[in-house]
Amino acid sequence: MIRALTISLCLAGPAAAQAPSAILTDLWNDFSSTCAPFLANPVTAMAQSPANLQYLRHEQSADGRLFRRHQGRWGLGQYRLVEVAVGTQAAHVYCQIARTSPDHNFNSNAMEATLRQILPADGSMRLAGGPTRITLMDPNDDAEGDVDGISQTYRKFLLEGALGPRSDLILIEMSSPQVLFTVSATVPLEDVQ
């Protein structure tokens, strides 16, 4: 079970009025409510209708083994993507929740500080990562336009322990103008309840 209550309580204090805390609280609550059912029992979750049907694209194969739900639009600030592939013994769940802001840049320094502050002191959740630089290079020098050597810095983290006893990692990426929470996990079907 995702530890949404612990994180929400930590974020709900006086700092919640600040933009980074408010964005992270909303993102974490959305991540918990959207992704947790698919991690707990992907087959049952695939059969459930989402609460919000705005801007929804829902796909499922005829045999019920492939599933994709896309909800939201980047320009409106919210985005949800869930993909499930059901095998005979396990299902693979990919769930990504994002917040975007086309009008202004997120303060990723403040967001990183907030993320680090909400981790429980007992060490049950761990955060690794930080600023990451990517550089666009064309080794053949035949790209259209001059893209060689263009670099972008963003923040990428792995959050471990937020999914309780599961060993899955949550990937968190922060850049201007978006923040993404992603989990990609294999769920043994014999373990679902």
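Summary table below
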{"item": "In Å², nearest 10: area of Tyr55 left accessible to a 1.4 Å probe", "result": "90 Å²"}
{"item": "Accessible-area order (highest first, 1.4 angstrom probe) of the listed residues His70, His58", "result": "His58, His70"}
{"item": "Leu169 accessible area, assembled protein chains, probe 1.4 Å, Å²", "result": "70 Å²"}
{"item": "In Å², nearest 10: area of Glu59 left accessible to a 1.4 Å probe", "result": "80 Å²"}
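The values are calculated or read from the model by the stated rules, or taken from the named source; none is laboratory data. Just so it is clear, the model here is predicted, and its values are computed rather than measured. The accessibility values were calculated without ligands, DNA or RNA, using every heavy atom of the protein model including side chains. Shrake-Rupley method; radii C 1.70, N 1.55, O 1.52, S 1.80 Å.
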